[in-house]
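Take a look at the structure below.
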Amino acid sequence: MLKTRAGDTIGNDGGVQQKFRRGETPAVRAPPTVQRIYRRGEMQAVTGYCIDHLYDLIRLKKFPAPVPLGPRAVGWLESDISEWQRQRIAARDAA
């Protein structure tokens with residue numbers, strides 16, 4: 001077991017175990033969710049659109065905007081792209 005700066009201990013399974021006083025109940029924390037981030041080339045493969053068309057759709061608010069990853073890097077959250085795909089499928093089915 002390892003100790004963190006906050007005095008918590010990390011068990012062999014990697015989970016953080018906090019120390020509680022007698023009578024205290026630990027707060028239930030959801031594990032952090034990590035989303036896949038698609039980069040530019042992957043977006044072209046996923047959507048079938050060239051990058052210029054994707055940026056035109058973003059400007060028209062018809063496609064999710066990318067998330068800045070650094071000074072010269074952006075990516076798109078998988079959840080945003082999945083939602084966009086669901087909306088496209090729903091529009092097709094409604095027609």
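Would you pick out the residues in region 26-43 that are within 22 Å of the chain's Cα centre (by Cα), modelled with pLDDT under 95 and part of a loop (DSSP other than H, G, I, E, B)?
28, 29, 30, 31, 32, 33, 34, 35, 36, listed by residue number.
Rundown of residues vs (1) modelled with pLDDT under 95; (2) of a type outside the set (Gly, Ala, Ser); (3) surrounded by 13 or more Cβ atoms within 10 Å (Cβ to Cβ); (4) in contact with a Gly (Cβ under 6 Å, 6 or more places away or on another chain), yes/no style:
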{"position": "2", "(1), (2), (3), (4)": "yes, yes, no, no"}
{"position": "6", "(1), (2), (3), (4)": "yes, no, no, no"}
{"position": "20", "(1), (2), (3), (4)": "yes, yes, no, no"}
{"position": "24", "(1), (2), (3), (4)": "yes, yes, no, no"}
{"position": "83", "(1), (2), (3), (4)": "no, yes, no, no"}
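Mind listing whichever residues of region 44-76 are over 19 Å from residue 89 (Cβ atoms) and part of a strand (DSSP E or B)?
Within region 44-76, 67, 68, 69, 70, 73, 74, 75 qualify.
Condition (residue is free of Cβ contacts under 8 Å to residues at least 12 places away in the same chain and under 13 Å from the mean Cα position of the chain (by Cα)) applied to region 86-93: is it met by at least one residue?
Checked against the condition, which is being free of Cβ contacts under 8 Å to residues at least 12 places away in the same chain and under 13 Å from the mean Cα position of the chain (by Cα), region 86-93 yields no hits at all.
The values are calculated or read from the model by the stated rules, or taken from the named source; none is laboratory data. Being a predicted model, the structure only gives us computed values, none of them experimental. Glycine also receives a Cβ, built like all others from the backbone with ideal geometry; neighbour counts cover every protein chain displayed.
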